[in-house]
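Peer 1: Here's a structure for you.
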Amino acid sequence: MSARLAGLLPGELNERQTEVYRAIVGGRRASGPQAFSLTDEEGRLRGPFNAMLLSPPVGLVVQAVGAAVRYESVLTDRVREMAILVVAAAWGSAFEREAHEAVGRTCGLTEPELDTLREGGLPELADPAERTALRATAALTRTGALSDREYDDTVAAWGERGLFELTTLVGYYSLLALQLRVFAGERPAERP
């Protein structure tokens, strides 16, 4: 992957860009154990975060949506990470896959589950609420919609709030995958 957008060093940022940078590296993403690095060794933002500096007003809001989806959702950590990996597989996003496989391992995802998600499948899950959330995520990435049954099943398992947060997660990580393609030069991964 050849980045099209040069990464900015922290000392090169203007005041508004610094606000976005601090929100990303100093917020909840930076607390606790780090499954993947948000910056390179010189402090440049990695992955989709670098492009958020182009428009501080939009970048600040986009990163806040991501933080809310990851840290303030009714979705469990396992469901959140599996859903992100379904989106990463649908978009062929290597960065999102690698980053969230690492996070997923910290949430208890098994290697067989990660392998299945990497290949674009849905793992066999004992928990019916997890199965429902992943089926809804797969439908959203495939068609951009839910059937009445998928809607009803997901609301029964997660509530309307959970479904709203799941659709927001799918949209947010699809946005990041798109920005990685455009600004980081990420190409869709080859399917096995």
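Peer 1: Can you list the residues, at least 5 places off or on another chain, whose amide H is less than 5 Å from the amide H of Thr39, using H built in the peptide plane?
Peer 2: Result for Thr39 returns Arg46.
Peer 1: Taking just the alpha carbons, could you work out the radius of gyration and Dmax for region 13-116, both in angstroms?
Peer 2: Answer for region 13-116, Rg first and Dmax second: 14.1, 45 Å.
Peer 1: Please sort 89-99, 104-114 by packing, taking for each peptide the average over its residues of neighbouring beta carbons within 10 angstrom, highest first.
Peer 2: Packing proxy ranking, top to bottom: 89-99, 104-114.
Peer 1: Going highest first, how would you order 58-70, 148-160 by mean Cβ packing within 10 Å?
Peer 2: With the highest mean Cβ count within 10 Å placed first, the list reads 58-70, 148-160.
Peer 1: Which is farthest toward the positive dipole end of region 1-152 among Val62, Ala129, Ser73, measuring Cα position about the Cα centre, with Cβ charges +1 (Lys, Arg) and -1 (Asp, Glu)?
Peer 2: Value computed over the given set: Val62.
Peer 1: Compute the semi-axes of the equivalent ellipsoid of the chain, taking the square root of 5 times each eigenvalue of the Cα gyration tensor, and list them largest first in whole Å.
Peer 2: Ellipsoid semi-axes (Å, largest first): 29, 18, 15.
Peer 1: Give me a comma-separated list of calculated 3J(HN,Hα) values for region 39-45, in order, Karplus coefficients 6.51, -1.76, 1.60 applied at θ = phi - 60°, integers in Hz, x for any Gly or Pro.
Peer 2: 10, 7, 5, 9, x, 6, 5
Peer 1: Okay, next question. Take the Cα of Arg22, step 7 Å along the line toward its Cβ, and report every residue of region 64-98 whose backbone nitrogen sits under 17 Å from that point.
Peer 2: 64
Peer 1: Once you keep just the Cα pairs under 8 angstrom separated by 6 or more residues, what percentage relative contact order results for the chain?
Peer 2: 29
Peer 1: Per residue, what accessible area does the chain have, given a 1.4 Å probe and all protein chains present, in Å²?
Peer 2: 50
Peer 1: Next question. For a protection proxy built on the mean count of beta-carbon atoms within 10 angstrom, sort 167-176, 10-19 highest first, please.
Peer 2: Order by mean packing, descending: 167-176, 10-19.
Peer 1: Can you give the percent of C-alpha pairs in region 82-192 whose distance is more than 23 Å?
Peer 2: The answer is 25 percent, as a whole percent.
Peer 1: If I compute solvent accessible area with a 1.4 Å probe over the protein chains, what percent of it on region 35-192 is carbon and sulfur?
Peer 2: 54
The values are calculated or read from the model by the stated rules, or taken from the named source; none is laboratory data. Just so it is clear, the structure is predicted and the values come from calculations on it, not from any experiment. Cβ atoms come from the backbone with ideal geometry, glycine included; neighbour counts cover every protein chain shown. Quick note on the areas: whole protein, heavy atoms, side chains included, nothing else; ligands and nucleic acids left out. Shrake-Rupley method; radii C 1.70, N 1.55, O 1.52, S 1.80 Å.
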